[in-house]
1. For region 206-219, which positions are of a type outside the set (A, V, I, L, M) and surrounded by fewer than 21 Cβ atoms within 10 Å (Cβ to Cβ)?
2. Name the helices (runs of 4 or more DSSP H) wholly within region 169-229 that hold at least 3 residues that are among the aliphatic types (A, V, I, L, M)?
3. Among the candidates Val252, Val243, Val228, which residue alone is surrounded by fewer than 24 Cβ atoms within 10 Å (Cβ to Cβ), within 20 Å of the chain's Cα centre (by Cα) and not hydroxyl-bearing (Ser, Thr, Tyr)?
4. Hey, could you check region 97-125 for residues that are away from the ligand (no atom under 16 Å from the Cβ) and in contact with a helix residue (DSSP H, G or I) (Cβ under 6 Å, 6 or more places away or on another chain) and say which is most open to solvent (accessible area, probe 1.4 Å)?
5. Being without any contact (Cβ under 8 Å) to a residue 60 or more places away in the chain and small (Gly, Ala, Ser) is the filter; apply it to region 5-38 and report the residue that is most open to solvent (accessible area, probe 1.4 Å).
6. For region 68-96, give me the residue count where each residue is within 10 Å of the ligand (Cβ to nearest atom), open to solvent by 40 Å² or more (accessible area, probe 1.4 Å) and either at pLDDT below 95 or not in a loop (DSSP other than H, G, I, E, B) (or both).
7. Take Thr55 and decide whether it is open to solvent by 30 Å² or more (accessible area, probe 1.4 Å), in a strand (DSSP E or B) and in the same structural domain as Ala112 (by TED's automatic domain parsing).
Amino acid sequence: MKWLEIEAYAKVNLGLAVLSRRSDGYHEIDTVLHTISLSDRIRLEGPMRSWSLETTGLEVPSDEGNLALRAGRKLEELEGCPPFRIRLEKRIPVAAGLGGGSSDAAAVLRGAEELFGLEVGRRRLEEIALGLGSDVPFLVRGGAARGRGRGERLSDLPVLEGAWLVLATPRTAVSSAKGYEHARIGLTRSERLIRLSCSAIREGRAGELPPLLHNDLEAGVVSFCPDVAAARAALSEAGARGVVMSGSGPTVLGLARGEEEARGIVSRLKGRDFEINVARPTRGGSRITGRSGA
Ligand code: ATP
């Protein structure tokens, strides 16, 4: 039996514009995505006679509803991958706008390809990933990218090397479906902000990002989850340079320039009822940390 351990990184949206609602139920979006060092830990063991999943840490489904298991099964169906055991240590806040489930799925795809020498290739892996969720193709790739379409039409951006992020996650889960129900759609200003953010990142002017951070889902989510507005205000007062809700929320991220500044923000948030995490941008969506026979 072989095993492989992999860290699955969370993502944030530094910008998100909702362009239109599509006839297939999805929304056409334009978004700036970045993977960050907040991670889940996954261990794959196999081949096995049947599929199994064990989870520890934060509560997530441990049956067929878990995206990590669905990713494995999809590889079996499409690429003849043998069944394997998945051990998931869940640490990324759940239904928080951080893409945790999608990242687990992406890491299982990459990890299993590696463990069993499947040679699927990145292009095909991203295609399979889209069948699991709109954010999964980006998380197979990781780093920084602009995502259009459902978020799967990706163009790579340079990684934000020097940035630090402070994440404030209110203790109310928000489903993506509910976040999108209340979306502001088709605002010209939002599209412009995404374009400007992408140029700033591409041209190494990350210092110009703070006033450009914007999310068309934020106001709608605030209407039923006022803790998002509280998290935004708390991060700003604590000294974050730019603040925006990630994805469909409720996590709000604050940008800091360097570790000391990030730790200062965290210390000023003490006593507030949010889950606080500090993270750095990462280059990939996942990282293999160990394997049998290595
Ligand atoms: P998205 O915007 O893609 O919904 P999110 O970060 O807001 O991302 P997730 O943490 O991925 O949300 O969880 C969304 C839902 O998916 C939860 O209700 C959870 O029960 C379910 N889910 C299934 N598998 C997982 C997993 N491996 N990790 C987290 N949630 C999972």
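1. Listed by number, the residues that qualify are Gly207, Glu208, Pro210, Pro211.
2. Because the criterion is at least 3 residues that are among the aliphatic types (A, V, I, L, M), the helices (runs of 4 or more DSSP H) in region 169-229 that meet it are 188-202, 218-224.
3. Numbers: Val252 fails: surrounded by fewer than 24 Cβ atoms within 10 Å (Cβ to Cβ); Val228 fails: surrounded by fewer than 24 Cβ atoms within 10 Å (Cβ to Cβ).
Of Val252, Val243, Val228, the one residue that is surrounded by fewer than 24 Cβ atoms within 10 Å (Cβ to Cβ), within 20 Å of the chain's Cα centre (by Cα) and not hydroxyl-bearing (Ser, Thr, Tyr) is Val243.
4. This residue is Leu118.
5. Ser23
6. Final tally of qualifying residues: 1.
7. yes
Yes or no, residue by residue, for (1) over 16 Å from Ala163 (Cα atoms); (2) within 17 Å of the chain's Cα centre (by Cα):
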{"residue": "Leu4", "(1), (2)": "yes, no"}
{"residue": "Glu7", "(1), (2)": "yes, yes"}
{"residue": "Ala10", "(1), (2)": "no, yes"}
{"residue": "Leu14", "(1), (2)": "no, yes"}
{"residue": "Ser20", "(1), (2)": "yes, no"}
{"residue": "Glu28", "(1), (2)": "yes, no"}
{"residue": "Thr31", "(1), (2)": "yes, yes"}
{"residue": "Ile42", "(1), (2)": "yes, yes"}
{"residue": "Met48", "(1), (2)": "yes, no"}
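The values are calculated or read from the model by the stated rules, or taken from the named source; none is laboratory data. Predicted model only: the values in this text are computed from it and were never measured. Please note: Cβ atoms are built from the backbone with ideal geometry, for glycine as well, and neighbour counts cover all protein chains shown. Calculation scope for accessible area: heavy atoms of the full protein, side chains included, ligands and nucleic acids excluded. Shrake-Rupley method; radii C 1.70, N 1.55, O 1.52, S 1.80 Å.
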